[in-house]
There are 2 protein chains.
Amino acid sequence: MSIIRKTKSVRLILSAFNDNKDAISIVELINKFNKKMNKTTVYRVLERLEKSSILHSFVGKDGLKRYAKGGKNSNSKKILNSHPHFLCEDCGTSSCIPIDIIIPSIPNYTIKTSEHLLIGQCKNCLS
Amino acid sequence: MSIIRKTKSVRLILSAFNDNKDAISIVELINKFNKKMNKTTVYRVLERLEKSSILHSFVGKDGLKRYAKGGKNSNSKKILNSHPHFLCEDCGTSSCIPIDIIIPSIPNYTIKTSEHLLIGQCKNCLS
DNA sequence: ATCTTATTGCAATTTAGTTGCATTTATATA
DNA sequence: TATATAAATGCAACTAAATTGCAATAAGAT
Ligand SMILES: [Mn+2]
Ligand SMILES: [Mn+2]
Ligand SMILES: [Zn+2]
Ligand SMILES: [Zn+2]
């Protein structure tokens with residue numbers, strides 16, 4: 001189940017992530033590859049790469065889905081220690097922040113995953 | 001600027017939040033009031049109530065915007081200590097979690113706000 | 001080389017959210 | 001209370017992200 005084939009589309013999309021250490025929104029990828037593949041293919045390739053733990057995703061404050069390199073739970077053990085994502089208000093770029101955020105357990109709730117979005121200015125935009 | 005009038009629409013929407021301590025998505029509100037007001041009005045009333053710090057909003061993992069009672073920075077002082085939101089995978093309900101999440105400062109980034117989404121099962125769905 | 005089925009392209013569709021403009025209505029003030 | 005004025009609303013058209021169904025293509029196993 002969920003065998004991933006190394007198609008031309010898969011290779012192209014992976015190359016975009018190798019060139020760029022930041023997170024990339026689906027819309028950016030659709031535009032970037034609008035001559036190379038259909039937008040539906042972009043959605044489906046990203047979906048497969050996420051299932052295969054090659055990429056992980058998060059949703060920005062704008063509601064747009066973004067992807068970045070690596071599986072979601074790199075440091076397995078504690079599921080709750082997921083890393084936050086930074087989103088620059090000025091230039092729109094986003095990136096993974098390699099720290100752990102600890103969530104205390106909350107009575108009456110079972111927490112399986114968490115998403116943390118940090119919003120502000122990146123180094124480039126701090127003029 | 002941004003005077004808020006107590007219109008019928010405003011009262012109706014506020015009543016929905018008084019009946020329900022959970023967060024409510026815009027889509028739910030549009031459906032709930034589809035006989036009482038236009039969807040555009042729902043968007044605009046919510047926008048005003050948020051600006052007036054009567055409601056605050058966050059975006060779920062599904063990309064849908066949700067609103068809940070109260071202003072964003074109830075406990076002003078530290079902007080970075082914003083409360084997380086819980087989202088139940090099973091029943092879809094979401095709610096404010098009244099705890100503070102502390103974000104350590106990160107070199108090269110200026111963080112102004114943060115969003116924390118906790119995903120799992122709520123008490124009702126833990127059968 | 002052939003077969004199987006995962007993957008892709010394409011067009012149509014769904015859905016959330018936005019915009020412009022004419023009309024209505026809350027509320028200040030005379 | 002009557003009037004003025006600007007806020008708020010309804011409506012229809014629109015934008016943009018994401019999804020779906022299906023026929024055609026291509027990766028990779030045999
Ligand atoms: Mn990440
Ligand atoms: Mn809240
Ligand atoms: Zn920036
Ligand atoms: Zn639940």
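For segment B:102-117, how many residues are within 12 Å of A:Leu117 (Cα to Cα) and not charged (D, E, K, R)?
At the first step, the residues of segment B:102-117 found to be within 12 Å of A:Leu117 (Cα to Cα) are B:103, B:111-117.
Still in the list and also not charged (D, E, K, R): B:103, B:111, B:113-114, B:116-117.
The number of residues fulfilling the criteria is 6.
Being more than 24 Å from A:Ile119 (Cβ to Cβ) and aromatic (Phe, Trp, Tyr) is not true of A:Phe58. Within segment B:91-127, if we keep just the residues that are of a type in the set (Ser, Thr, Tyr) and assigned to a loop (DSSP other than H, G, I, E, B), the residue that is farthest from A:Asn124 (Cα to Cα) turns out to be B:Ser127.
Filtered by the rule that a residue be within 14 Å of chain B (Cβ to nearest Cβ) and part of a loop (DSSP other than H, G, I, E, B), segment A:46-72 gives A:Gly60, A:Lys61, A:Asp62, A:Gly63, A:Leu64, A:Lys72.
Scanning segment A:118-127 for residues that are open to solvent by 60 Å² or more (accessible area, probe 1.4 Å) and more than 7 Å from chain B (Cβ to nearest Cβ), which turns out nearest to B:Tyr109 (Cα to Cα)? Going through the qualifying residues, I end up with A:Asn124.
Report yes if some residue within segment B:55-67 is open to solvent by less than 10 Å² (accessible area, probe 1.4 Å) and either over 10 Å from the mean Cα position of the chain (by Cα) or modelled with pLDDT under 90 (or both); otherwise report no. So that I can check it myself, show each step before the final result.
Quick first cut of segment B:55-67, residues open to solvent by less than 10 Å² (accessible area, probe 1.4 Å) only: B:55-58, B:60, B:67.
Pick out the ones that are also either over 10 Å from the mean Cα position of the chain (by Cα) or modelled with pLDDT under 90 (or both) and you get none.
No, that holds for no residue.
How many residues are more than 14 Å from the chain's Cα centre (by Cα) and facing another protein chain (nearest Cβ under 7 Å) when one looks only at segment B:105-117? So the count comes out to 7. Could you list, in sequence order, the residues of segment A:81-96 that are surrounded by 19 or more Cβ atoms within 10 Å (Cβ to Cβ) and either within 16 Å of ligand 4 (Cβ to nearest atom) or within 8 Å of chain B (Cβ to nearest Cβ) (or both)? Once the filter is applied, which keeps residues that are surrounded by 19 or more Cβ atoms within 10 Å (Cβ to Cβ) and either within 16 Å of ligand 4 (Cβ to nearest atom) or within 8 Å of chain B (Cβ to nearest Cβ) (or both), segment A:81-96 yields A:Pro84, A:Phe86. Using the structure shown, decide if B:Ile24 is at pLDDT 95 or above, within 16 Å of ligand 2 (Cβ to nearest atom), β-branched (Val, Ile, Thr) and farther than 21 Å from A:Gly60 by Cβ. In short, yes. Look at (1) assigned to a helix (DSSP H, G or I); (2) within 16 Å of ligand 2 (Cβ to nearest atom) and you find that B:Phe86 fails only one, number (1).
The values are calculated or read from the model by the stated rules, or taken from the named source; none is laboratory data. Computed from a prediction, not measured in an experiment: that's the story for all the values here. Neighbour counts are summed over all protein chains in view; Cβ atoms, including those assigned to glycine, are modelled from backbone coordinates with ideal geometry. These accessible areas exclude ligands, DNA and RNA; they are computed on the full protein's heavy atoms, side chains included. Shrake-Rupley method; radii C 1.70, N 1.55, O 1.52, S 1.80 Å.
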